[in-house]
Amino acid sequence: MATTSTPGSAPAASQDVGAPPGPEVPGGGNGAAPGGGGRRAGRPRRSPLAKQEDRAGWLFVLPWVLGFLIFTAGPMIASLVLSFTDYQMIQAPRAVGLENYRELFDDPRVLKSLSNTFVYAAMFVPIGTIVALFLALMLQRVGRAGGFFRTAFYLPEMTPAVAAAAMFLLLLNGQQGLVNKVLGWIGINGPNWTADPNWLKPSLAIVSLWTLGGTVVIYLAALNGVPKQLYEAAELDGAGPVTRLFRITIPMISGALFFTVITNTIAAMQMFDQAYTMFYGPQQKASASEESLVYMVYLFQNAFQFFKMGFASAMAWLLFVIILLITFLQVRIGNRYVYYHGER
Amino acid sequence: MVIPWKRLPFFAFLTLATFAFVYPLVWLVSASLKPRSQVFDNRLIPEVFQPSNYVRVWETAPVLRWLTNSLTVGFMAAAAVTLSSALVAFGFAYFRFRGRNLLFGVVLSTMMLPGAVTMIPVYLIWNQLGMIDTQIPLWAQNLFGSAFYIFLLRQFFLGIPRELFEAARVDGCGYFGLFRRIAFPLCRPALVIVFVFEFKASWSDLMKPLIYLQTPEYFTMPRGLKQIIDAFALSGHYEWEIAVAASVIAVVPMIVLFAFGQRYILDGVATTAQKG
């Protein structure tokens, strides 16, 4: 509360009761008298100013509150209820108790899609983190020219996943694809990426790795925030580049590493666009091997192709629980190692 | 100019990496100009130029409609989420209202929620409202703000000195005026970031158009591209050059956007993580 010396700005309380001119919060009840100020005994009396701020604050956040109730909280409850029913959209939902949840563990495709998703995430997240960190470290070394490379690395991230997937269907083509041609130059006989069941998940991971630029940019920003004196001091103490990397750089940017590992894992668990574009569709190719079935694709099929809304809801809750568990584990492990720059 | 010999290995490595990232896009554009039999050759300059691929795309599918749809949906989604998130973020940043911290905790926790959990009931809501096969479900939810953007913008609003708001209050500015006249203009760069992020997300999205759209007329570009690929797969007749040209059409608007907003976008990506 500063600058109250302006003439006419009176004491704080009355200043707010007198309706300020200009556009006001719709229905803000701004000029309302401080009614009901002391009606509720027991609670500390809130000044008219505070009450008005309460009201205005809630009005500003009202859009989100409404959206939360209509599109998040309500649907969450509905989804939980649906998960205990059989609902095909033709008839009203029929309660089936735990049947859907039992089916989750009986349906081999649920387990298969889950393990496929884990394998994909286990390939993409660690490799992605290491590659992105490596690229960011290189970028930092070249100084100002880093800007150009940063732009180049981020460019693929602007490509819609469907277009990227369509493109990689051709690039990864076993016989004629560019990737295998390049591998051929260095004497490697590339696999039949998009057709060989063993190589479907690596194919998906390659598409994801191509759109890794965002992570590189984040790491670069974190690297630039590491104080130079630390390196100078370490060098004086005779620390080599490897020691500096593991003793200074990585600990100092552990916050960014942690952030991207968590967000990339959550995203990987929900991967859909690439897998669906490359291997699924209404035609359900015969070649669509079970090996490419990721969890969200199977969930989507259950919900919107087989119209098993109850079962799909149960699948959604299983995914939620798994993501919560993974994130919880990561936070538990991470908190032991992550260094926050005195921010918290 | 002094050649920085010491840095040469880094440059060499980065150039190689750049190829890996950029070359596929260059290849895509080049392939889109080749006849079908040569789509797979690795010539950068096509041996036979066949720009008529683009005409063929035009004839096979209503690409112009899809482009317009994507632009409309993207604009609506981005504008809606930017305005609503800014309003809500200002609410959280400026007012010390009762229940604020608890409510903000709820906002943050929704970021963890996988979309799958709400996807089916939200679909049923739009179905009840008779909005299936319209584009409204693709953006209307954005009118209620989005947790991540609220969080991000709040950080920016918190960075505005509070004295500025107090001074305006003293001068008789209303609460909404504080938002519209001070907070909003001062955070324009952040708002641009939110707009661009959401536009890009909306442009790239496949799942929502898959769920809500049936009539090809209403498709967005990625949904249309998927349709083209599916059609080839169904017929067993792969017209690669068409799919490639359609992919280029889906990518180019994003590249143009990136070309103009490059600084904003890259700095935005960097700051979002730092704020997070």
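The values are calculated or read from the model by the stated rules, or taken from the named source; none is laboratory data. Small disclaimer: the values here were computed from a predicted structure and weren't measured. Note that we place each Cβ from the backbone using ideal geometry, even for glycine, and neighbour counts take in every protein chain shown. Just so you know, the surface numbers come from the protein's heavy atoms only, side chains and all, with ligands and any DNA or RNA stripped out. Shrake-Rupley method; radii C 1.70, N 1.55, O 1.52, S 1.80 Å.
Once both labels are positioned 7 Å from their Cα atoms along Cα-to-Cβ, the gap between A:F246 and B:F260 label points is 4.9 nm.
Among A:L135, A:N100, A:A195, which residue has its Cα furthest toward the positive end of the charge dipole of the range A:96-204, with +1 on Lys/Arg Cβ and -1 on Asp/Glu Cβ? Farthest along the dipole direction, towards plus: A:L135. Between the C-alpha center of the range A:197-248 and that of the range A:117-176 there is a gap of 14 Å. Chains A and B together bury some 9300 Å² of accessible area, summed over both sides, with a 1.4 Å probe. Derived scalar couplings between HN and Hα for the range B:98-108 equal 5, x, 4, 5, 4, 5, 5, x, 5, 4, 4 Hz in order, rounded to whole Hz, by the Karplus curve 6.51 cos²θ - 1.76 cosθ + 1.60 (θ = phi - 60°), x for Gly and Pro. Loop-located trypsin sites (Lys or Arg not before Pro) in the range B:23-56 (DSSP state not H, G, I, E or B) with no more than 12 neighbouring Cβ atoms inside 10 Å: B:R43.
Residues of the range A:245-274 falling in the label zone of B:F13, defined by backbone nitrogen less than 20 Å from a point 7 Å along Cα to beta-carbon, are A:245-254, A:257.
Coupling constants for the range B:16-21 follow from the phi torsions by the Karplus curve (6.51 cos²θ - 1.76 cosθ + 1.60, θ = phi - 60°), and in residue order they are 4, 5, 4, 4, 4, 7 Hz; glycine and proline get x. When A:I326, A:I70 are compared by accessible area of protein heavy atoms, the largest-first order is A:I70, A:I326, using a 1.4 Å probe. Once the Cβ-Cβ distance of B:N127 and A:L137 is raised to the sixth power relative to R0 = 45 Å, the FRET efficiency obtained is 0.35.
Taking 7 Å steps out from each Cα toward its Cβ at A:Y339 and B:Q214 produces label points 5.9 nm apart. Grab the beta carbon distance between A:L66 and A:R94, set R0 = 35 Å, and tell me the FRET efficiency rounded to 0.05. Taking R0 as 35 Å, the efficiency between A:L66 and A:R94 is 0.65.
Think of the range B:1-150 as a dipole: +1 on every Lys or Arg Cβ, -1 on every Asp or Glu Cβ, centred on the Cα centre; then among B:S70, B:A93, B:L129, B:A93 lies furthest on the positive end. Per residue, the accessible area of chain B comes to 43 Å² when a 1.4 Å probe rolls over the protein heavy atoms. Be a star and scan the range A:44-74 for residues whose amide nitrogen sits under 11 Å from the point 7 Å along the Cα-to-Cβ vector of B:R98. The answer is A:44-47, A:51-52, A:54-55. Remark: the range A:211-344 carries a charge dipole of roughly 240 debye about the Cα centre, counting +1 on each Lys and Arg Cβ and -1 on each Asp and Glu Cβ. Given +1 at the Cβ of Lys and Arg, -1 at the Cβ of Asp and Glu and no other charges, the dipole of the range B:161-276 around its Cα centre is 460 debye to the nearest 20. Charge dipole of the protein assembly as shown (Cα centre as origin; +1 on each Lys and Arg Cβ, -1 on each Asp and Glu Cβ, all else neutral): 1580 debye, rounded to the nearest 20. Share of carbon and sulfur in the accessible area of the protein assembly as shown stands at 65%, probe radius 1.4 Å. Only DSSP H runs of four or more residues enter the estimate; each adds -39500 (n - 2.57), and after division by the residues of chain B the mean residue ellipticity at 222 nm equals -22500 deg cm²/dmol.
With 20 Å² as the minimum drop in accessible area between chain alone and full protein complex (1.4 Å probe), the qualifying residues in the range B:207-249 are B:M207, B:L210, B:I211, B:P222, B:L225, B:K226, B:I229, B:D230, B:A233, B:L234, B:W240, B:S247. Between B:V22 and B:M112, the simple label model (points 7 Å from Cα in the Cβ direction) yields a spacing of 4.2 nm.
Taking a Cβ cut-off of under 13 Å around B:L257, the surrounding Lys, Arg, Asp and Glu residues balance to a net charge of 0, with basic ones at +1 and acidic ones at -1.
Amide H contacts under 5 Å for A:T85: A:V96, restricted to partners 5 or more places along the chain or on a different chain, H placed in the peptide plane at 1.01 Å from N.
Note: relative contact order over chain B, using C-alpha pairs below 8 Å and six or more positions apart, is 31 percent.
Altogether, the Stokes-Einstein calculation at 10 °C and 1.306 mPa s, with the Kirkwood radius of the protein assembly as shown over Cα pairs as Rh, returns a diffusion coefficient of 59 µm²/s.
Pairs of lysine residues in the protein assembly as shown that meet both criteria, 8 or more places apart or on different chains and Cα atoms under 19 Å apart, total 10.
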